[in-house]
1. Considering only the stretch 1-60, state which residues are of a type outside the set (A, V, I, L, M), surrounded by 15 or more Cβ atoms within 10 Å (Cβ to Cβ) and assigned to a strand (DSSP E or B).
2. Hey, among the residues in the stretch 193-215 that are polar (S, T, N, Q) and in contact with a strand residue (DSSP E or B) (Cβ under 7 Å, 6 or more places away or on another chain), which one's modelled with the lowest pLDDT?
3. Within the set of pairs 6+ apart or on separate chains, which have a first residue in the stretch 249-263 that is outside the structural domain of G234 (by TED's automatic domain parsing), a second that is in a loop (DSSP other than H, G, I, E, B) and of a type in the set (D, E), and C-beta atoms under 6 Å apart?
4. Out of the residues in the stretch 232-285 that are of a type in the set (S, T, Y) and surrounded by 19 or more Cβ atoms within 10 Å (Cβ to Cβ), state the one that is farthest from the chain's Cα centre (by Cα).
5. Can you report the number of residues in the stretch 182-218 which are among the β-branched types (V, I, T) and farther than 23 Å from S103 by Cα?
6. Please pick out the residue among T106, T98, T92 that is hydroxyl-bearing (S, T, Y), surrounded by fewer than 12 Cβ atoms within 10 Å (Cβ to Cβ) and touching a strand residue (DSSP E or B) at 6+ places or on another chain (Cβ under 8 Å).
7. Can you pull out the residues in the stretch 73-89 that are buried (at least 17 other Cβ atoms within 10 Å of the Cβ) and either closer than 17 Å to N122 by Cβ or modelled with pLDDT of 80 or more (or both)?
8. Suppose the filter is touching a helix residue (DSSP H, G or I) at 6+ places or on another chain (Cβ under 9 Å), of a type in the set (D, E, K, R) and not in a helix (DSSP H, G or I); does R94 pass it?
Amino acid sequence: MELRQLKYFVMSAEYLNFSEAAKHLFITQSTLSQQIKQLEFELGFPLFTRSSRRMVLTEAGEEFLPFAQKTIRDAEDGVQRLHDLQHVKAGTLRVGVTYSLSSMLTEGLMRFMKHYPDVKLNICYETVNRLLELLKERKLDFVLSYKPVNDMPEIDSISLFENPLSAVVAVTHPLAERGRISLAEMQNYPLVLPSKDLQARMMLERLMQGKDFSLTSQVELNETNILLQLVSTGNYVTVLSASVVFDNKRFKAVPLDEPDNTMTASMLTLKGAYQKASAAAFINILLDTDAVKRRAIIGCD
């Protein structure tokens, strides 16, 4: 049994189509089929049930898949550890970032690129749920996000800073003079809200639990920049983390006057996964940036 065969099997299990799997492996379909048959012969069990219409994993294939995936991950981690021991500052670092934290990333990126010019950075902007899926699939090395509302035992987190969920308004809006605002008062203003797959909305939904009223929005968007464009007209109120408009003189973040209204910006990693030297270096650089340190000092004020 070869590691190559395990990779072929895992890719075939992902696509359940030899033609598609072979395309992503950059080999011919006949080569892939031959290697899978050889693996099945060595194991003594068929891994796939094939027909003219579809292909599915057998019971043996379902049982074997997580072990094959773990073996591949362990081998990749071992190679990465050897590279790090040799102080190889190369390779690729894959970073996931939620939309709400994108504004604090630039300084860290510039410093990292200057110190590690041979490390290729792949930055993926997505919703937190999608980023966590990619992290669990080992397609990202870590994620910059607010700590998920629900506990996730398979995820480790390093706290960067805390800030409140806030009513975000233009500086010309009447609410801009307020120090805090309750959720009940928010009913009196026209709202444009982040969509339900964004973390600020998830936090808002949690704060709304048990309330005897609801908040109605005229628009829901999964694009923070467009939300802010609507808010900048002075007519609308949105709900976002205060960090989104940090240092932006056009907007004011008015914290929601609710208990447990703290969002923790964090570095999320997969528990037990090997951390690349380049990932550790990026984290250290980010923690030392003004973008993070100033937010940490201001906190929830």
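1. Listed by number, the list holds a single entry, F48.
2. Keep residues of the stretch 193-215 that are polar (S, T, N, Q), which gives 195, 199, 209, 214.
Pick out the ones that are also in contact with a strand residue (DSSP E or B) (Cβ under 7 Å, 6 or more places away or on another chain) and you get 195, 199.
Working: S195: 92, Q199: 88.
Here the residue is Q199.
3. Between residues of the stretch 249-263 that are outside the structural domain of G234 (by TED's automatic domain parsing) and residues that are in a loop (DSSP other than H, G, I, E, B) and of a type in the set (D, E), there is no close pair.
4. So in the stretch 232-285, the residues of a type in the set (S, T, Y) come out as 232-233, 236, 238, 241, 243, 262, 264, 266, 269, 274, 278.
In the following step, the residues that additionally are surrounded by 19 or more Cβ atoms within 10 Å (Cβ to Cβ) were identified as 236, 238, 241, 243, 266, 269, 278.
Values: Y236: 28, T238: 22, S241: 16, S243: 17, S266: 11, T269: 10, S278: 18 Å.
Applying the filter and picking the extreme gives Y236.
5. The initial filter retains those residues of the stretch 182-218 that are among the β-branched types (V, I, T), namely 192, 216.
When the remaining residues are screened for being farther than 23 Å from S103 by Cα, the result is 216.
The qualifying residues number 1.
6. Working: T106 fails: touching a strand residue (DSSP E or B) at 6+ places or on another chain (Cβ under 8 Å); T98 fails: surrounded by fewer than 12 Cβ atoms within 10 Å (Cβ to Cβ).
From the options T106, T98, T92, the qualifying one is T92.
7. Looking only at the stretch 73-89, we keep the residues that are buried (at least 17 other Cβ atoms within 10 Å of the Cβ), and these are 80, 84.
Listed by number, the list holds a single entry, Q80.
8. Values: touching a helix residue (DSSP H, G or I) at 6+ places or on another chain (Cβ under 9 Å): yes; of a type in the set (D, E, K, R): yes; not in a helix (DSSP H, G or I): yes.
When the stated conditions are applied, R94 passes them.
The values are calculated or read from the model by the stated rules, or taken from the named source; none is laboratory data. None of the values given here were measured: they were computed from a predicted structure. Don't worry about glycine lacking a Cβ; one is built from the backbone with ideal geometry, like all the others, and counts go over all protein chains shown.
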